[in-house]
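The values are calculated or read from the model by the stated rules, or taken from the named source; none is laboratory data. The structure displayed is predicted, hence computed values, not measured ones. In this analysis, Cβ positions are derived from the backbone assuming ideal geometry, glycine residues included, and neighbour counts consider all displayed protein chains.
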Amino acid sequence: MDRATDVRLAQCFIAVDDHDKALAFYCDVLGFEVRNDVGFEGMRWVTVGSPDQDVEIVLEPPAASPDASPADKQAMAELLAKGMLRGVNFTTTDCDALFERVRAAGADVLQEPVDQPYGMRDCAFRDPAGNMVRFLERPAD
């Protein structure tokens with residue numbers, strides 16, 4: 001493999017404790033589409049993505065591995081409930097308009113839109129499971 005463009009991000013994973021609430025947020029509020037919805041061994045994985053992009057987000061149960069011990073599953077559920085798991089950053093062309101739309105939908109606001117010293121304007125929320133989602137607006141060229 002010679003070129004960095006031969007490697008591209010396909011999926012990232014976000015733990016959720018209620019897929020229906022997560023779908024309402026990611027699809028109804030953010031406008032993503034459902035690409036796959038799979039049940040396996042009593043668990044559910046739902047893949048969503050922007051209609052304008054190939055990258056997908058897999059909404060998975062905490063400690064999704066069927067091999068995870070009950071203690072590991074409990075620890076993951078507790079971290080998720082505290083909002084301690086990593087979230088995801090998105091880009092947008094209008095941070096302020098997106099902020100108003102997401103806030104109006106009732107999402108938990110972590111940071112109102114602000115101009116950052118590194119040139120971005122951004123805001124942040126918690127999704128229904130407690131994951132941080134940040135929206136970045138790049139400066140106009």
task = Would you mention how many residues in segment 16-39 are on the phi > 0 side of the Ramachandran plot and either of a type in the set (F, W, Y) or not in a loop (DSSP other than H, G, I, E, B) (or both)?
result = 0
message = Return the residues of segment 105-128 that are touching a residue at least 12 places away in the same chain (Cβ under 8 Å) and among the β-branched types (V, I, T); say none if nothing qualifies.
response = V109
inquiry  = Step by step: first the residues of segment 131-141, then only those that are in a loop (DSSP other than H, G, I, E, B) and either surrounded by 13 or more Cβ atoms within 10 Å (Cβ to Cβ) or in contact (Cβ under 8 Å) with a residue 24 or more places away in the chain (or both), then the one that is nearest to the chain's Cα centre (by Cα). Which residue is that?
reply    = N131
message = Tell me which strands (runs of 3 or more DSSP E) are completely within segment 40-104 and hold 2 or more residues being buried (at least 17 other Cβ atoms within 10 Å of the Cβ) and among the acidic types (D, E), or say none if there are none.
response = 56-60
task = Go over the candidates R44, R121 one by one and state the one that is at pLDDT 95 or above, within 29 Å of V7 (Cα to Cα) and in contact with a Pro (Cβ under 7 Å, 6 or more places away or on another chain).
result = R121
In segment 105-130, the residues that are in a strand (DSSP E or B) and hydrophobic (A, V, I, L, M, F, W, C) = V109, L110, V114, C123, A124, F125
task = Might you let me know whether segment 39-53 holds any residue that is hydroxyl-bearing (S, T, Y), closer than 28 Å to A104 by Cβ and without any contact (Cβ under 8 Å) to a residue 40 or more places away in the chain?
result = yes
key: Any pair with Cβ under 6 angstrom, 6 or more apart, that starts in segment 66-91 at a residue that is in contact (Cβ under 8 Å) with a residue 40 or more places away in the chain and ends at one that is of a type in the set (S, T, Y)   = none
message = Whether any residue in segment 6-15 is assigned to a loop (DSSP other than H, G, I, E, B), of a type outside the set (G, A, S) and modelled with pLDDT of 95 or more is what I want to check.
response = no
